[in-house]
Amino acid sequence: MSEAQERTTQRQDNEREPIIRVEDCSVVFGRRAQQALEMRRSGKSKAEVERETGSTIGVLDANFEVWPSEIFVVIGLSGSGKSTLLRAINRLIEPTEGKIYLDGEYISEIPSKQLRQVRRKKIGMVFQHFGLLPNRTVLDNISFGLEIQGISAEKRRKSAEDTLDMVGLQGQGNKLITELSGGMQQRVGLARALATEQEILLMDEPFSALDPLIRRDMQNLFLDIQGEVKRTVVFVTHDLDEALRLGHRVAIMKDGEIVQLGTPEHILREPANEYVERFVEDVDYAKVRMAESVMVEPKEVAYTGEGPTVVLRRMRQAGLSHIFVVDRERHLVGLAEAEEVARLVERNERELGAAVDEDAPRVGRRTPLREVLPLFVDDGDAPVAVVDEGERLAGVIVRGSLIAGLTTSTEPSEEGGEDFSGVGNREPSEVGSGDAVERGRQG
Ligand SMILES: Nc1ncnc2c1ncn2[C@@H]1O[C@H](COP(=O)(O)OP(=O)(O)OP(=O)(O)O)[C@@H](O)[C@H]1O
Ligand SMILES: [Mg+2]
């Protein structure tokens, strides 16, 4: 988003009411809640408080607003309080302190019968596995949420069919869930969540069980559909790439606290404190380290004489959204995007040329990472080429490996290099302290 756009959005925001407002919200699990909060606020760590009081601080002094149609992402390590915060929003958990408003209404004061109504009509919640009903058909699953809302059978069917089209599962509506592949099942889950007419969607790591390629598909699909349906979404993830990709704004949590809240751009460029810095980048490293320290071998390259069909096939096999094009001496010619290549295939073109972007960013082996970083901020997901003195392709930098490289103190090209070139993805359980980034994903 440009600064001008950002200002416009902000102005619009000021004229609208936030749809969710969280004020000084804290959640403590355990009996000595008040004492736990006091200790924490006087500077004790979450672990110390837990040792001394036996109470766990789930969320501490959270303050934020979510605007209509916004995708608000909450990110943090395991146990940082993401799910607790999400559940407080629809009152599955009562905050120990603080207030939460939905559309200006203070939800703790809503009587329970009315609260059920609000949940049904206004807030949908999606978990990791979407909770599909295996013995029902695809269409029944999609319309399930509408059924709960008491919408008529005819309207349900129509809406479910429209949604099925949106997620690219036309003609599959009468199959049983169990007859679909895992990725297709995920699409049904997403379709179901989006088919309901609830204004607010709370999503708790909905894509985290997916393999990285399907996950990327689902993220794209989600953004496409969101562009049409414009729900207000609070999206929990522990994956930095996912957060930066999906979020209009991102809140970073640590030990129950929101340590930074801002646009993805803002968070990458101006990390609020050392923790966030370590989470997204290390400025000092960025000054002293060079492109070659985080570059990886390209998994595939395309040669200038090759045809689009051959290249597209190789890209698909390697799971690449972009491929660098070189001549026979490995001089870099440019970068081709899978979508562009596919378009050429559709048009029966024989030459790759029209899909090659010759102005795609390239850097030298010794370009400081500080200069590499903005290329990713501005350009999204495209990888960046590293060339040697003779303009030959020496390696590639993908966003995942750049960020991982910036958050490790050792030379990643030595000790984890091959890992970065794969389409690897760390599971939640493997996420250790500090660097919860998805490792390497090419293109
Ligand atoms: N029902 C509960 N009873 C006691 N403690 C809880 C309960 N639910 C969560 N906690 C604690 O609250 C803290 C925040 O947990 P939460 O589930 O919100 O983390 P999270 O950020 O969603 O983690 P993850 O990424 O693993 O899902 C943790 O220390 C957790 O142990
Ligand atoms: Mg959680």
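Brief remarks on what is shown
- A DSSP coil position with no more than 14 other Cβ atoms inside 10 Å describes the following trypsin sites (Lys or Arg not before Pro) in the range 177-230: LYS230.
- For the listed peptides 111-124, 334-347, a ranking on the average number of other beta carbons within 10 Å per residue, highest first, reads 334-347, 111-124.
- Given LYS155/LYS254; LYS44/LYS113; LYS175/LYS230; LYS82/LYS175; LYS46/LYS99, the pairs whose alpha carbons are separated by over 32 Å: LYS155/LYS254; LYS44/LYS113; LYS82/LYS175
Values quoted throughout were computed directly from the atomic coordinates according to the rules given, and no laboratory measurement underlies them. Everything numeric in this text was worked out from a predicted model, so none of it was measured. Neighbour counts run over all protein chains shown; Cβ positions are idealised from the backbone, glycine included.
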